[in-house]
Amino acid sequence: MAKNILIKLVFLFWVQTTSAQTPARVVRVKDADTFVLNSNGRQITIRLAKVDAPETKQNYGLQAQRNVSALLLGKVVSYDSTGYDKYGRVIAGIEVNGQRLDSIEIANGWAWHYKQYDTEKMLEQLMAQAATDKIGLWQCGKEKVCPPWLFREYNYKNRLRYCKGCNANN
């Protein structure tokens, strides 16, 4: 019986600590979905959960990074870690000024809803609305955007062919 109580207490502690919001200051914005935070005197790299932003060498990538930098750099945010990715980055949700960063980025057309890793309907709807309104990376319409997961997979020749962006004459 004591063992069962101990197991339940450990589980409850684990649930509370994994869903706790941790405050940290944003010290660097690497791109629109990867940040360096200072948390308790320690720097950690965060990969924003639920979104995939354009790469900095991709169309709209630098603009998305600049927009997110203007929003976050130097500010104290709260993050909620959900694990690690294959590069050792902490995967986390982030809140800034009481608002979810994933929602802000998707609604402003700064990133895609990463449907391969998330099924949240609200984020899907925000992305559909941004695309319909031609906001941010959607400014030239759905047919002119190249999702970052494809951009990363394509070789140089295919990037030129399929990831032209707004300046393309198609």
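Since every read-out is calculated from the coordinates, none of them should be taken as a lab result. Bear in mind that the values here come from a model prediction, so they are computed numbers and not experimental data. Neighbour counts run over all protein chains shown; Cβ positions are idealised from the backbone, glycine included.
When the chain is treated as a GNM, springs tying every alpha-carbon pair under 10 Å, which of Ala70, Ala24, Ala130 comes out with the largest mean-square fluctuation? Highest fluctuation among the options: Ala70. In the calculated pair-distance distribution of the range 39-122, the portion above 18 angstrom amounts to 44 percent of the Cα-Cα pairs. Once both labels are positioned 7 Å from their Cα atoms along Cα-to-Cβ, the gap between Thr82 and Gln43 label points is 2.6 nm. Across all directions, the average projected area of the convex hull around the alpha carbons of the range 27-79 is 3.6 nm². In this structure the amide hydrogen of Lys30, modeled in the peptide plane, comes within under 5 Å of the amide hydrogens of Phe35, Val36, none closer than 5 places in sequence on its chain. Kirkwood radius for the range 57-170, taken over all pairs of different Cα atoms as the inverse mean of 1/r, rounds to 15.4 Å. For the range 130-170, the fraction of C-alpha pairs farther apart than 17 angstrom is 31 percent. Comparing Ser103, Ser81, Ser39 in a Gaussian network model of the chain (Cα springs below 10 Å), the most mobile by mean-square fluctuation is Ser39. Applying 1/(1 + (r/R0)^6) with R0 = 25 Å to the Cβ-Cβ distance of Gln129 and Arg66, what FRET efficiency is obtained, to the nearest 0.05? After rounding, the FRET efficiency stands at 0.65.
Taking every DSSP bridge with both residues inside the chain, close to 90 percent are antiparallel.
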